[in-house]
Amino acid sequence: MDFPDGFLWGASTAAHQIEGGNINSDWWQREWGHLPGPAIAEPSGDAADSYHRFPQDMALLAQAGLAAYRFSIEWARIEPERGWVSRAAIDHYRRMVDTARENGLEPVITLHHFTNPVWFAREGGWRTDASIDAFRRYVEAALPVLEDVSLVCTINEPNMVSVLADPEVAFPSIGLPPGVPDVTDRLIAAHRAAVELVRSTGAQAGWSVATQAYQPEPGAEEVAAEYGWSREDVFLEAAKGDDWVGVQAYTRTVIGPDGPREIPDAAERTLTGWEYYPPAVGDGIRNAWKRAQAPVYVTENGIATADDRRRIDYTTGALEAVHACIADGIDVRGYLHWSALDNYEWGSYRPTFGLIAWDRETFERHPKPSLAWLGGVARANALPVDPAR
């Protein structure tokens, strides 16, 4: 099952989830109860200490056979106080780009992955019109990091940023709250300003949307269409004219006449409580291609599990769905697995998504069999055909 020549294989991370010590971000402050929000089980603390250990992490990915590393840069480190830019932080992230190149990895940079400077949050965050210009100034300050970078994601999962715009809102057990229209509009405006700046460096710009594979039951098509608009589709359509669009897929949502259905009791669940459903990424790719009309990268796809054999099984099923999309003529250009490392999953370390485990006391890295497996797929640029599937 061959993939197109030049198909980009890699893994993704997010700064706050692996760096540690991100004390000037709103998430850090929320973890310690200094900002409003739902109770958080445990703080991020040192996380995986990847702020200092990124050369080792990158080397492990490259040695396995992967060719790309998607990582985010922290607005809260670059602009810890409004209007003051840390040259040291810019230099740090620039070293990360250079280190990726030295390891033969294509750096894929995300400018915003959920977290904000605490000053931005206290001034209202994305709920104020000032957020658009604040984000534009940050991106302009960060441009030196992007020199010689080919792919840049402006905002990670803007639909999740919008649906969770109220800091008191937590993920419900079924479905998601609707996107907040004013926040959605500001995120789109901020994205468009960032795209213009990113393109000035010669990089290709896009953003990554969390696709939910909304699957209507017979007769619930209109309900599903209405439900999906503010939570997904408006963000994909906003990507029209971008250089690419990112798909981030993990599970599906079945929509009945009254909205999202409960996951069946007999269904396998992951450590996040989501239904085990590898084909979800195919649904996401098809919706993105239809609405954004731009080349697609899978910028996140994976499974929270303690059983690495299930990670390989899940990823095999997901890649079969990716391959089917390509066979149908969709321009899919890469697959970046979530996540390179087990990480801080926004309140807990229990959901393990990583290709690499690590010791929380010593930070010693322990690559899992799934890393070697995915690296082998990347080297071959092909998915082995399993006669049992």
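Within the accessible surface of the chain, defined with a 1.4 Å probe on protein heavy atoms only, the carbon and sulfur portion equals 50 percent. Computed on the chain, with alpha-carbon pairs under 8 angstrom and 6+ residues apart, the relative contact order is 19 percent.
Rounded to two decimals, what is the ratio between the C-alpha radius of gyration of the range 1-145 and 2.2 N^0.38 Å?
Against the compact-globule rule of thumb, the ratio is 1.13.
Once the 1.4 Å probe is applied to the protein heavy atoms, the range 30-131 comes out at 41 Å² accessible per residue.
Expressed as a rounded percentage, what relative contact order does the range 264-389 have, with Cα pairs under 8 Å and six or more residues apart?
23 percent
The residues packed around GLU232, meaning those with a beta-carbon under 11 Å from its beta-carbon, carry a net charge of -2 if Lys and Arg are +1 and Asp and Glu are -1. Centroid-to-centroid, using Cα positions, the range 67-126 and the range 271-329 are 27 Å apart.
Give me log10 I(q)/I(0) at q = 0.17, 0.23, 0.24 Å⁻¹ for the range 152-264, Debye formula, one equal scatterer per alpha-carbon, no solvent. Taken in order of the listed q values, log10 I(q)/I(0) reads -0.82, -1.26, -1.32. Pair-distance distribution P(r) for the chain, from all Cα-Cα distances in 10 Å bins starting at 0: 5, 24, 36, 27, 7, 0 percent. Charged neighbours of ARG269, selected by a Cβ distance under 14 Å, balance to -2 (K, R count +1; D, E count -1). On the principal axes of its alpha-carbon atoms, the range 98-232 has extents of 52, 36, 24 Å, going from largest to smallest. Most tightly packed first, judged by the mean number of other beta-carbon atoms within 10 Å of their residues, the peptides 189-197, 88-96, 207-215 read 207-215, 189-197, 88-96.
The values are calculated or read from the model by the stated rules, or taken from the named source; none is laboratory data. Remember, predicted model here, so these are calculated numbers, not experimental data. Backbone-built Cβ (ideal geometry, glycine too); neighbour counts: all protein chains shown. Only protein heavy atoms, including side chains, enter the accessible area calculation; ligands, DNA and RNA are left aside. Shrake-Rupley method; radii C 1.70, N 1.55, O 1.52, S 1.80 Å.
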